[in-house]
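The values are calculated or read from the model by the stated rules, or taken from the named source; none is laboratory data. Since the model is a prediction, treat every value here as computed from it, not as a measurement. For neighbour counting, all protein chains shown are included, and Cβ atoms are generated from backbone atoms with ideal geometry for every residue, glycine included.
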Amino acid sequence: MERFGKIDVAVACAGIVENYSALEYVNPEPEPTIRSEALPSSYPADRVKRLFDINVHGVFYTAREAARNMIPNGSGSIILISSMSANVGPDDDPFEEKAD
């Protein structure tokens with residue numbers, strides 16, 4: 001900001017992958033109705049939190065801060081880039097709608 005005075009373009013292109021099943025996610029404080037001893041402990045909550053902090057929160061805060069500068073200037077572009085991981089399953093198979 002000091003050198004150029006404004007932001008013309010912001011690009012959010014960061015992300016990580018955690019290959020885990022949602023059933024393997026271990027809640028730090030399991031609900032009383034869930035038998036926590038039956039859940040694997042290999043994917044603790046901090047790994048899931050890190051995934052969301054980078055992939056979701058990081059993108060949101062990047063876009064928000066760029067927009068805060070662009071709006072008063074009356075122009076600018078925000079580019080958000082995702083990966084094929086949003087469309088491809090763990091075996092590199094495309095997610096498909098299943099007929100019921």
Output the number of residues of segment 66-93 satisfying the condition of being at pLDDT 85 or above and touching a strand residue (DSSP E or B) at 6+ places or on another chain (Cβ under 8 Å).
9
Name the pairs: first residue in segment 45-61 and surrounded by fewer than 13 Cβ atoms within 10 Å (Cβ to Cβ), second residue not in a helix (DSSP H, G or I), Cβ to Cβ under 7 Å, at least 6 apart or on different chains?
45/26; 45/27; 45/28
One residue from 29, 96 being surrounded by fewer than 10 Cβ atoms within 10 Å (Cβ to Cβ), over 16 Å from the mean Cα position of the chain (by Cα), part of a loop (DSSP other than H, G, I, E, B) and modelled with pLDDT of 60 or more
96
